[in-house]
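Worksheet: one structure, shown below.
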Amino acid sequence: MAETKIISGKDLAKKIKEDIAARVPALVEKYGRAPHLAVILVGEDPASQSYVKSKGKDAEQVGYKSTTIRLPEATTEEELLKIISDLNADSEVDGILVQLPVPKHIDEDRVIEAIARKKDVDGFHPANVAALWQKRPCVYPCTPKGVMRMLEEAGVEIEGKEAVVIGRSNIVGLPMSKMLLDKNATVTIAHSRTRNLAEVTRRADILVAAVGRLRMVTADMVAPGAVVIDVGVNRDPETGKLAGDVDYDAVVEKASVITPVPGGVGPMTRACLMENTLECYLEAMKKNNKED
Ligand code: NDP
């Protein structure tokens, strides 16, 4: 069998960010200001803090204006909604992201719905979700968008292929399945109640694991020559290191294309957030110019 292709999300994300960074000066020249991403973090969850820090760093790296609003755990829903409403009304803010999860006393759905659709860089607003499912223009959620870019980069043909997505969350599994369907894959969505999961996954030409269970996709679950995309991020209790949902060392021997963890889907999610911010900015600038 030909050698397995390992898609470096890290390298591709770097290229995407460099391309954006190269475009920003001309945009500043044309529109008078850089794209502006506002990120809100409520509470002190260490993983969320680190995600928010990376997003701010990415935004600065590509030349955007970046605002991070850190709020105490005790922030009320009303206070948070007011901040979102102010950012919605601020014509110099293009993208708004509330880092999830929010503390339990805040209704996550209300928060997501409060973000203006045109500034919803995560693509989680119900209007964006509906647009995705009705094949209308939308902001694509960053993680599945990143996966699609990786498939494209690796030259994976999707049309007519059997794709199996393990996981059906709103942020990964479901939009991933729809985006593969839109590229004419025949899509199966597997989940915790799927019977004979291995039988289902062995049918896959393209297998996407988005579960959150350390190395649950073993070599016997993968067809020889399959394309395997690992979205999972898990902490290995033995090594303390990050690892995916796929048993990489065994599956790499069998797959034709595979993504590593870390350095795979994670960096692409971040790069696609920068792309989404740029798209929201360009839409806003076009609209402003028309109104001029
Ligand atoms: P969720 O917990 O929301 O969803 C997990 C899904 O996996 C559910 O649909 C669940 O099924 C399914 N599942 C759970 N156990 C099994 C099982 N034994 N067999 C088959 N399916 C199962 O997680 P997310 O979608 O938010 O995230 C998934 C993973 O991706 C996590 O590790 C997360 O950290 C990672 N992630 C990575 C990102 C990145 O940028 N790399 C971005 C976002 C997430 P059911 O619906 O029946 O409960």
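Computed from the coordinates by the stated procedures, all read-outs in this text should not be read as laboratory data. Everything numeric here is computed off the predicted structure, so don't read it as measured data. So basically every Cβ, Gly included, is an ideal-geometry build from the backbone, and we count neighbours across all protein chains shown.
Between 161, 178, which is away from the ligand (no atom under 15 Å from the Cβ) and either surrounded by 15 or more Cβ atoms within 10 Å (Cβ to Cβ) or under 21 Å from residue 221 (Cα atoms) (or both)? Even if it seems obvious, please write down each step before you answer.
Numbers: 178 fails: away from the ligand (no atom under 15 Å from the Cβ).
Sole residue among the options that is away from the ligand (no atom under 15 Å from the Cβ) and either surrounded by 15 or more Cβ atoms within 10 Å (Cβ to Cβ) or under 21 Å from residue 221 (Cα atoms) (or both): 161.
Out of the range 97-154, which residues are within 30 Å of residue 4 (Cα to Cα) and in contact with a helix residue (DSSP H, G or I) (Cβ under 8 Å, 6 or more places away or on another chain)? Working first, answer last.
Within the range 97-154, the subset within 30 Å of residue 4 (Cα to Cα) is 140-154.
Answer for the range 97-154, where residues must be within 30 Å of residue 4 (Cα to Cα) and in contact with a helix residue (DSSP H, G or I) (Cβ under 8 Å, 6 or more places away or on another chain): 140, 141, 142, 143, 144, 145, 146, 147, 148, 149, 150, 153.
Quick one: which of 59, 38 is in a strand (DSSP E or B) and within 17 Å of residue 120 (Cβ to Cβ)? Give the steps one after another, and end with the answer.
Values: 59 fails: in a strand (DSSP E or B).
None of the other options fit; the residue is 38.
Counting residues that are more than 25 Å from residue 170 (Cα to Cα) and among the charged types (D, E, K, R), which helices (runs of 4 or more DSSP H) fully inside the range 62-136 reach at least 1?
On the way: elements: 77-89, 108-114, 126-133.
Of the helices (runs of 4 or more DSSP H) lying wholly inside the range 62-136, those with at least 1 residues that are more than 25 Å from residue 170 (Cα to Cα) and among the charged types (D, E, K, R) span 77-89.
Hey, among the residues in the range 82-117 that are farther than 24 Å from residue 283 by Cβ and touching an Asp or Glu at 6+ places or on another chain (Cβ under 9 Å), which one's surrounded by the most Cβ atoms within 10 Å (Cβ to Cβ)? Steps first, answer last, please.
Initial filter on the range 82-117 (farther than 24 Å from residue 283 by Cβ): 82, 101-110.
Subset that is touching an Asp or Glu at 6+ places or on another chain (Cβ under 9 Å): 101-103, 105-107, 110.
On the way: 101: 13, 102: 24, 103: 18, 105: 11, 106: 19, 107: 14, 110: 13.
Selected residue: 102.
Just checking, how many residues over the range 253-268 are more than 13 Å from residue 8 (Cα to Cα) and of a type in the set (Ser, Thr, Tyr)? Show your work before the answer.
The initial filter retains those residues of the range 253-268 that are more than 13 Å from residue 8 (Cα to Cα), namely 253-256.
Of the ones still in play, those that are also of a type in the set (Ser, Thr, Tyr) are 256.
Residues meeting the conditions: 1.
Any idea which of 122, 109, 94 is among the acidic types (Asp, Glu) and more than 16 Å from the ligand (Cβ to nearest atom)? I'd like the intermediate steps shown before the answer.
Details: 122 fails: more than 16 Å from the ligand (Cβ to nearest atom); 109 fails: more than 16 Å from the ligand (Cβ to nearest atom).
Testing whether each residue is among the acidic types (Asp, Glu) and more than 16 Å from the ligand (Cβ to nearest atom) leaves just 94.
One line per residue, one yes/no per condition, for (1) of a type outside the set (A, V, I, L, M); (2) over 22 Å from residue 274 (Cα atoms); (3) touching a strand residue (DSSP E or B) at 6+ places or on another chain (Cβ under 6 Å):
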{"position": "47", "(1), (2), (3)": "no, no, no"}
{"position": "61", "(1), (2), (3)": "yes, no, no"}
{"position": "88", "(1), (2), (3)": "yes, no, no"}
{"position": "93", "(1), (2), (3)": "no, no, yes"}
{"position": "99", "(1), (2), (3)": "yes, no, yes"}
